[in-house]
Structures are given as structure tokens and as C-alpha cells.
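Student: I'd like to ask you about the structure that follows.
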Amino acid sequence: MMTKSNLEDLAIFGGKPAFNEPLHVGRPNIGDRASLLQRINDMLDRRWLTNNGPYVQELEQRISSLLGVKHCIATCNGTVALELAIRAAGLCGEVIVPSFTFIATAHALQWQEITPVFCDVDPRTHTINPWRVEEMITPRTSGIIGVHVWGQPCDVEALTEIARKHNLKLMFDASHAFGCSYKGQMIGNFGEAEVFSFHATKFFNTFEGGAIVTNNDELAAKIRLMKNFGFAGYDNVVYIGTNGKMSEVSAAMGLTSLESLDDFISINYANYKQYQHQLAGIPGVSLFTYAETERCNFQYVVLEIDESLTKISRDLLLRVLHAENILARRYFYPGCHKMEPYKSYFPHSGLLLPETEKLVQILLILPTGATINRTDINGICNIIRLVISQVDRIKRKLSYD
Ligand code: T4K
């Protein structure tokens, strides 16, 4: 890593990138390799590769007990888990969701011809704003899906109350929130069901994978059937279903990752604190803060760039960072409502989403996880500080080039 103190050294002006290798957001966490390989070997010896094998069953049990939830149904990914939970809970018509989320939350509805009705978020938490939810309810509304963005829990209490009052089903896309808690209780215990993604980029991963967790026996039984084509024993299909099964190799990765969960959290936490320390005092740059009284996985390092103070847009800063091999991301730009098919279906929905539209312009997600160290973080923050302290010169120089 090269420390830079002059503008001329910046890679956008032809200098060498600060990092030889790209620093990615979403680098996978990998637990103990020897344990993983041992598990894979055992799996090969057993010749049981998928279809509710022993690893999948063990993983489901371990997750249930970790979260204190009655049922865990492992799936092939988070998107299919969402589709299954939505279908099994009987959602139909319209469902209220934030637009500020990964596109899969909306697609899981639209795929089943249920209309996602986009609701604005609370700019302090980046999660769905319960006050706005109530305004979006129509006679066609069947449910609400909150998203615990960055692992930051939604206002579960307020949403539960709204759902109860209007007789709506409440669910959570908890893709980011494995290992997080809300008011001392693990995420996974709220609403009809909560859905996790165990994608490679997530804090806890099974390569590809996901899970639905619920305390509702009937719903769990239905989802179990649906994720296996509706089979209730040999040659007996009792329900329409799909192939949502998790494979054994994925579950082996999951079991191995579970053993290192505390290490993953400590690394992310140390990185988060280091960013907090290094970014302090840079005008217009604020780090999204997590409530340290709750359990949290600290998987996302999220910056808010206030251009009125930094004098540089988030996008120009992103360009500078990318040139330095710091591959920051703009999650969830431009918002689901600005992507197809929603953009064509609801061309004016942005009018009701002022906070979302602001947020997607100002957020920058920085690399974290086990593959970056203190020195890397200091280097990233050093570049941000340099750029913001000399922004006028940068702009002048760029306009000449
Ligand atoms: N709901 C929410 C709120 C979600 O965030 C997601 C997934 C879902 C639902 C759906 O769950 P899944 O069906 O995916 O289980 C990535 C992930 O693909 C996606 O799973 C995730 N959200 C989303 C937030 O991030 P992209 O389009 O950013 O992926 P990509 O290929 O650009 O990779 C992201 C970064 O990770 C890059 O910097 C490269 C790095 N990476 C990625 C992979 C796969 C690695 O370093 N190694 C890897 O193996 O969507």
C-alpha cells in the first residue's frame, strides 16, 4: 500500500494506484479451511450431496438454537427463500416494501405477480419508515416486508403494531442481519417469518444459500414442502413447489463458518472502529453508526457524503477511489423504483420517496472483512482526507484534463 500526500500522486492524475490488488466490498469470510475440507471429504465418502442431507439438518438445528427460533429452513439462496416465504404466507395483491434495498426484495414479489409498493425510509436508520407505511396501505395491501438494511433492525415494534391494526402479514428481509439483535432478541424472531441470505458476500456465507426462520409451525411445514417441489414423501406431491434446497457442500461451509462467527464479528468490529477513528473530523463525511448495545455483525461500512460540506460528490469520490483500486460500492443505487420493470410500471413513484432518492446519491460502502487490515484502512481514509482537503484543486485539474 502506498501512502499519498500529494494530489499529483493520485491515480486519476496518472499516479500508481495506492493498492496493487483491488480492495473489494463483500470479500467472503472463510472459516477454518481444514474443517471445511474435512467436512467435504466426509460428504463425498457418504455420497449424500443434497436433498435434506445430514449437514443441512445440522445447520438448520444450529441456526435455530443460535437465534432461539423454532424453525429454520435452509434454502439455495436468499431470493428463493423470499419467494417461498411470500408464497407460503399467502401474500397477494400489493405488498409494501422499501425501495432502498437490493433488487431481490422487490423481484421476489413481482416474480409472483404481487405488486411491490415502494415506501420511503427513515434517513437515520436507512430502514422502512413506519409512518410512511400507513399512508401506502390500500384495500389490496396484504403485507409489509421490512428490510434490516446493513444489519440495522427496522422499527420492528411500530411495524408490528401497524400490521396488527390493519390485519396485514409482516415479514422481514433479514439478508444483512444474521447475528444481529433487536431489543436484545435475535433477528429471526419477528413477524411471520424472517429471511436470511447466506450469499458469499454476506457476513455468514454458504457460498450461495439462505434460510427462512419462523416460530409459526404451520408456515414452516408449508415452506418445507414448497422448497422440495411439494413432495410429502415418495411419489406424493401435495402442494405446488419449487427447488429451493440447499446442497450439502453449502451446508458444510455454513457449519464451518458458524464456528468462526465470533472471529468474523471481532474483525469487522475492529475495522469499523478503525474507520471511525480515521474518518473523524473530515468535514461532510459521516460513518453510519451501529447501536453498540445490540448484537451486530458490522458487515457494512457505510459512509454518508454531504456534498454541501465535502464540495465533492459521492460519485466523483467513488471515481477517485476506484482509480486507487479501492472498489467502494453505491448500494442501493439508484433504488428499486428506478430499475426495470418498476421504473416503467410506476414512473412517478420517486415523488413519494424523497429520503430514498437522497440516500442513493450520498452513500458509499467501503471494504471491510478479514482481507483488509489497519494499514489498508488508514490508507483508504488518508486518500479520502486528501481528496476532500484539496477538492478545488482536484476539480480544476480534472476540468483541464
Ligand atoms: N435481500 C437483500 C437485502 C440482499 O442484500 C440480497 C442480496 C438479497 C435479498 C438476495 O439474496 P441472494 O439471493 O443473493 O442470496 C451482491 C450479492 O450478489 C447479493 O447477494 C447481495 N444481496 C448484494 C447486496 O450484493 P452485487 O451485484 O453487488 O454482486 P457483485 O458480484 O458485484 O459482488 C459484490 C462484491 O463482492 C464485489 O466487490 C466482489 C465481491 N465478491 C463477490 C463474490 C461473489 C468477492 O470478493 N468474492 C465473491 O465470491 O450483489
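Quick note: the coordinates plus some simple rules give every number you see, no bench work behind them. Please read these numbers as outputs of a predicted model, since none were measured by experiment. Note that each Cβ is placed from the backbone with ideal geometry, even for glycine, and that neighbours are counted across all protein chains shown.
Student: Over the chain, with a Gaussian network built from C-alpha contacts below 10 Å, which listed residue (Thr141, Thr375, Thr160) shows the highest mean-square fluctuation?
Tutor: With Cα springs under 10 Å in the chain, the top fluctuation among Thr141, Thr375, Thr160 is at Thr375.
Student: Taking the Cα centre of segment 1-106 as origin, sum charge times position over the Cβ atoms of Lys and Arg (+1) and Asp and Glu (-1), and report the length of that vector in debye to the nearest 20.
Tutor: Numbers: 10 positive and 10 negative charges, 42 e Å.
That gives segment 1-106 a dipole magnitude of about 200 debye.
Student: Further question on the same structure: What is the pair-distance distribution P(r) of the chain, computed from all Cα-Cα distances in 10 Å bins starting at 0, with each bin given as a whole percent?
Tutor: All Cα pairs, binned at 10 Å, distribute as 5, 22, 29, 25, 14, 5, 1, 0 percent.
Student: Do any trypsin sites (Lys or Arg not before Pro) in segment 87-140 lie in a DSSP loop with no more than 11 other beta carbon atoms within 10 Å, and if so, which? Display every interim value, and only then the final one.
Tutor: Numbers: sites: Arg87, Arg124, Arg132, Arg140; in loops: Arg124, Arg140.
Sites meeting the loop and neighbour criteria: Arg124.
Student: Based on Cα coordinates alone, diagonalise the gyration tensor for segment 150-303, multiply each eigenvalue by 5, take square roots, and list the semi-axes in whole Å, largest first. Show your work: numbers first, answer last.
Tutor: Details: eigenvalues 225, 91, 26 Å².
The equivalent ellipsoid of segment 150-303 has semi-axes of 34, 21, 11 Å.
Student: Name the shape class, rounded, prolate or oblate, that the alpha-carbon gyration tensor gives for segment 261-400, where a ≥ b ≥ c are the square roots of its eigenvalues, rounded holds for a/c under 1.5, and otherwise prolate holds if a/b is larger than b/c and oblate otherwise.
Tutor: Oblate shape, in that a/c is at least 1.5 and b/c is the bigger or equal ratio.
Student: Would you check segment 249-401 for Lys pairs whose C-alpha atoms are within less than 18 Å, ignoring same-chain pairs closer than 8 in sequence, and give me the count? It would help to have the intermediate numbers written out before the result.
Tutor: Values: Lys311/Lys358; Lys311/Lys395; Lys311/Lys397; Lys338/Lys358; Lys343/Lys358.
Close lysine pairs under the 18 Å cut-off: 5.
Student: For segment 377-401 and segment 102-171, what is the separation of their C-alpha centers, rounded to whole Å?
Tutor: Each part's Cα centre sits 39 Å from the other's.
Student: With a Cα-only, solvent-free Debye model of segment 33-259, what are the log10 I(q)/I(0) values at q = 0.11, 0.12, 0.16 Å⁻¹?
Tutor: -0.52, -0.61, -1.05
Student: Where in segment 290-323 does the amide nitrogen come within less than 19 Å of the point 7 Å from the Cα of Met2, taken along Cα to Cβ?
Tutor: 319-323
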